[in-house]
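Here the structure is laid out as structure tokens; the discussion comes afterwards.
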Amino acid sequence: MKIYIQPLSVNSHTVEILKNRLKEVFKADVFVLPALEASLRCYNPSRRQYNSTCLLRTLPSTRVTLGVTGKDIYATGMNFVFGEAELGGARAILSVSRLSTVDNKLYEERVVKEAMHEIGHVLGLKHCKNDCVMRFSNSVEEVDRKPATFCKDCASKIEGA
Ligand SMILES: [Zn+2]
Ligand SMILES: [Zn+2]
């Protein structure tokens, strides 16, 4: 499996974390595309946030691509989202904006969990009620409470894919 990371206004430290950890987690070849700015077309000035679906659609749809941004993102009907993905598709977007903390180790775990979660959706996984990284997170506390692993059910679905 190949995973492409598209930096969209995000620091290189975060990209390095994802490159190394996603390689291990998915046993994938991970490639980092040349950095771009998050498209201003997707910026909503009244919310001071970027629309997640709009950013997702700026990504190439022909290969598994994770867009990563430092900008705060929202989806219609939500105050914010950590990410969005095409279920069983190719593209996912992750915002690290609300994952930041002074604790570097904790930051790394949060970023990796949410990236695994969005790529899990791309690989066809839905939200899961088990002790699993595919559990839906509505807050950073919920991100911290879930493990950085797929439960047995989800892991077997990915392997079968
Ligand atoms: Zn989700
Ligand atoms: Zn699961």
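The values are calculated or read from the model by the stated rules, or taken from the named source; none is laboratory data. Please read these numbers as outputs of a predicted model, since none were measured by experiment. Backbone-built Cβ (ideal geometry, glycine too); neighbour counts: all protein chains shown.
Tally up the residues in segment 1-41 that are in contact with a Pro (Cβ under 7 Å, 6 or more places away or on another chain) and of a type in the set (Gly, Ala, Ser), please.
Qualifying residue count, segment 1-41: 1.
Restricting attention to strands (runs of 3 or more DSSP E) lying wholly within segment 51-161, give those where 2 or more residues are under 15 Å from the mean Cα position of the chain (by Cα), modelled with pLDDT of 95 or more and among the small types (Gly, Ala, Ser).
83-85, 91-95
Of 41, 21, 47, which residue is part of a loop (DSSP other than H, G, I, E, B), surrounded by fewer than 20 Cβ atoms within 10 Å (Cβ to Cβ) and at pLDDT 95 or above?
47
So which residues in segment 124-154 are within 15 Å of residue 112 (Cα to Cα), within 14 Å of ligand 1 (Cβ to nearest atom) and of a type outside the set (Phe, Trp, Tyr)?
132, 133, 134, 135, 137, 142, 143, 146
Residue-by-condition table, conditions (1) exposed (fewer than 14 other Cβ atoms within 10 Å of the Cβ); (2) under 25 Å from residue 37 (Cα atoms); (3) more than 10 Å from ligand 2 (Cβ to nearest atom):
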residue: 91; (1), (2), (3): no, yes, yes
residue: 104; (1), (2), (3): yes, yes, yes
residue: 110; (1), (2), (3): no, yes, yes
residue: 113; (1), (2), (3): no, yes, yes
residue: 128; (1), (2), (3): no, no, no
residue: 133; (1), (2), (3): no, no, no
residue: 149; (1), (2), (3): no, no, no
residue: 152; (1), (2), (3): yes, no, no
